[in-house]
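Right, one structure below, let's go through it.
The values are calculated or read from the model by the stated rules, or taken from the named source; none is laboratory data. Note that the structure is a prediction, hence the values are computed from the model and not measured. Using ideal geometry, Cβ is built from the backbone for each residue, glycine included, and neighbour counts are taken over all protein chains shown. These accessible areas exclude ligands, DNA and RNA; they are computed on the full protein's heavy atoms, side chains included. Shrake-Rupley method; radii C 1.70, N 1.55, O 1.52, S 1.80 Å.
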Amino acid sequence: IAVLQIVKESQQQHGLRHGDFQRYRGYCSRRLRRLRKTLNFKMGNRHKFTGKKVTEEILSDNRYLLLILMDAERAWSYAMQLKQEANTEPRKRFHLLSRLRKAVKHAEELERLCESNRVDAKTKLEAQAYMAYLTGMLRFEHQEWKAAMEAFNKCKTIYEKLANAFTEEQAVLYNQRVEEISPNIRYCAYNIGDQSAMNELMQMRLRSGGTEGLLAEKLEALITQTRAKQAATMSEVEWRGRTVPVKIDKVRIFLLGLADNEAAIAQAENEETKERLFESLLSECRDAIQAVREDLKPDQKQREHSLENDSGKVSNIQYLHSYLTYIKLSTAIKRNESMAKSLQKALLQQQRSEEDGKRTPRPQDLIRLYDIILQNLVELTQLPGLEEDKTFQKEIGLKTLVYKAYRCFFIAQSYVLVKKWSEALVLYERVLKYAREVRSGAGAYTNSLKELPDVQDLITQVNAEKYSLQAAAILDANDTHETESPSQVKDGKPLSERFETFCLDPSLVSKQVSLVHFPPGFQPIPCKPLFFDLALNHVAFPPLEDKVEQKAKSGLTGYIKGIFGFKS
């Protein structure tokens, strides 16, 4: 049997694509029941349990091996389900280890059965690799790093040999399993004492492209665990000349990984990978800020007291909150700037995209990005503890001018598209004004402006755009004078109302043709006549009392008279 192929296909089709281990465990139980019923290998009846074991003598069908494999998979999936639940209920970790031991026991039985002469060599190797993989998982959970590393290395070696021995289609599956195992091997090596393992874990995450899935989740979990060990040695951080103690573990882990995350973003090969890494960094930063915010609540009174005594100097925990907020806003600005650069490249290739029939980016998309960047810069200037920092405020002011210049430039580009030449020209002049202010005030802040877009390139581009704008405006004015002749001026009437006058109307060959007024307007019509009987109120009807019979008397007297025939 193809052990790895059966396992992977079952996992992908029954829940593990979304990390639903409970669903996969249910599938394993149902498949075990079907196999036992098909093979007539039942464990007793409904009244009594009779245990049976698969032995080499009855190994006449490969489905007997599937029985053992599904038992192991069921125990493994239950262990992984308990691992997810153990994050909130630590006691479930004992049950998790018990299930993993059961999975290893079934894998050992599978490996023993595969040593039979009836089993081919490929199945024997796959059973050994499967056994080594589950053993490594058990040792990994027990934190027996050396034994886990040996088991994972054995598993990796077998799968690499199998990948080299078969076709490329079959080798893909084996190589994927090798990639899943590699982070665990490097983490075990780090715990044994290999300090270069952390860098290799970061490179693995970068090579994975920041994609989603089990491998990415495993890499993130291993990197977080590695940083947690390093965070024990970190006690303080320095920012803008002030040293602040860091006591929250989640913040320590985030600050330790900040440089690695920024380096990974710089090394990202494509925009999609870079975007995912930015989102991951922002998510970690938000979690760290939330942890600091929870510590800020009980410290509120002390912080107010320190503000009064220290003449406006904020407390350490508040300053740390400002630092993390600064990191979050700066990262958001870098992400939006990266998106803006990719959109600018797409704008340059707009003509080719139009020929392909695809949707092309517009200057309005860039305007929205620069609006968000400017809003983030406004929030930076309002951070507690930095109101009196003149250097910081000046740097943010210069950055604001740079991004305002680019925003004005793309607003002007959008006006050019709708042929509003005068508005576009005014905005181009505003861009040059902002750019000159940046150049005049950037003397002592050159280092802080290195990461920003180059203003000189923008000035050169604006000067070129101004000349092309003036030329386009002159040509458009000439075209307007030529086309607006008396015979071409429309009076707004539909075609049905101007049959007697000749008029060149280009809209008649377009999709919006004005032929008639639709819906048609209301017209007055005669109303149905109303009749009023005015004579009825003046008619006097004759008296009719003599013609109406009097009502017979009722009661006992009338009854008796009626019996005897007397009439009144």
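Name every residue in segment 509-568 that is more than 60 Å from the chain's Cα centre (by Cα), of a type in the set (Phe, Trp, Tyr) and modelled with pLDDT of 80 or more, in order of residue number. I'd like the intermediate steps shown before the answer.
First, pick out the residues of segment 509-568 that are more than 60 Å from the chain's Cα centre (by Cα): 524-568.
Checking which are of a type in the set (Phe, Trp, Tyr) leaves us with 531-532, 541, 559, 564, 566.
Selection gives PHE531, PHE532, PHE541.
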Just one listed residue, out of VAL402, VAL418, is out of contact with any helix residue (DSSP H, G or I) (no Cβ under 7 Å at 6 or more places or on another chain) and hydrophobic (A, V, I, L, M, F, W, C), and it is VAL418
Test for SER77: is it open to solvent by less than 10 Å² (accessible area, probe 1.4 Å), at pLDDT 85 or above and of a type in the set (S, T, N, Q): yes
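Is at least one residue of segment 27-47 assigned to a helix (DSSP H, G or I), under 20 Å from TYR133 (Cα atoms), modelled with pLDDT of 90 or more and open to solvent by 20 Å² or more (accessible area, probe 1.4 Å)? Walk me through it before giving the result.
Taking segment 27-47 first, the residues assigned to a helix (DSSP H, G or I) are 27-39.
Now narrow it down to the ones that are under 20 Å from TYR133 (Cα atoms): 28.
Next, only the ones that are modelled with pLDDT of 90 or more stay: 28.
Next, only the ones that are open to solvent by 20 Å² or more (accessible area, probe 1.4 Å) stay: none.
Looking through segment 27-47, none of the residues is assigned to a helix (DSSP H, G or I), under 20 Å from TYR133 (Cα atoms), modelled with pLDDT of 90 or more and open to solvent by 20 Å² or more (accessible area, probe 1.4 Å).
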Contact list, first residue from segment 65-79 and touching a residue at least 12 places away in the same chain (Cβ under 8 Å) and over 15 Å from GLU108 (Cβ atoms), second anywhere and open to solvent by less than 10 Å² (accessible area, probe 1.4 Å) and part of a helix (DSSP H, G or I), beta-carbon distance below 6 Å, six or more apart or interchain, is MET70/CYS28; MET70/LEU32; ARG74/CYS28; SER77/TYR24; ALA79/LEU96; ALA79/LEU100
### Message
If I filter segment 478-487 for residues that are in contact with a Cys (Cβ under 8 Å, 6 or more places away or on another chain), on the phi < 0 side of the Ramachandran plot and modelled with pLDDT under 75, do I get at least one hit?
### Response
yes
PHE140 fails exactly one of (1) open to solvent by less than 40 Å² (accessible area, probe 1.4 Å); (2) under 18 Å from VAL7 (Cβ atoms), namely (2)
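Could you please give the count of residues in segment 405-419 that are open to solvent by 80 Å² or more (accessible area, probe 1.4 Å) and at pLDDT 85 or above?
Matching residues across segment 405-419 total 0.
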Here, helices (runs of 4 or more DSSP H) confined to segment 246-347 with at least 3 residues that are open to solvent by less than 20 Å² (accessible area, probe 1.4 Å) and at pLDDT below 80 are 249-267
Within segment 141-164, the count of residues that are touching a Cys at 6+ places or on another chain (Cβ under 7 Å) and within 18 Å of LYS105 (Cβ to Cβ) comes to 1
It is to be established whether one or more residues within segment 193-200 are acidic (Asp, Glu) and surrounded by 19 or more Cβ atoms within 10 Å (Cβ to Cβ). no
Exactly one of GLU379, GLU423 is assigned to a helix (DSSP H, G or I), open to solvent by 10 Å² or more (accessible area, probe 1.4 Å) and within 22 Å of THR331 (Cβ to Cβ), and that one is GLU379
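Before we move on, is ASP457 out of contact with any Ser or Thr (no Cβ under 7 Å at 6 or more places or on another chain), modelled with pLDDT of 80 or more, assigned to a helix (DSSP H, G or I) and open to solvent by less than 100 Å² (accessible area, probe 1.4 Å)?
Yes; evaluated as a whole, the condition is true for this residue.
Out of the residues in segment 120-137 that are of a type outside the set (Gly, Ala, Ser) and free of Cβ contacts under 8 Å to residues at least 24 places away in the same chain, state the one that is surrounded by the fewest Cβ atoms within 10 Å (Cβ to Cβ). It would help to see each step written out before you state the result.
Quick first cut of segment 120-137, residues of a type outside the set (Gly, Ala, Ser) only: 120, 122-126, 128, 130-131, 133-135, 137.
If we keep only those that are free of Cβ contacts under 8 Å to residues at least 24 places away in the same chain too, we end up with 120, 124.
On the way: ASP120: 11, LYS124: 15.
Filtering segment 120-137 for residues that are of a type outside the set (Gly, Ala, Ser) and free of Cβ contacts under 8 Å to residues at least 24 places away in the same chain, the one surrounded by the fewest Cβ atoms within 10 Å (Cβ to Cβ) comes out as ASP120.
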Selection from segment 80-119 of residues touching a residue at least 40 places away in the same chain (Cβ under 8 Å) and of a type in the set (Gly, Ala, Ser) yields SER116
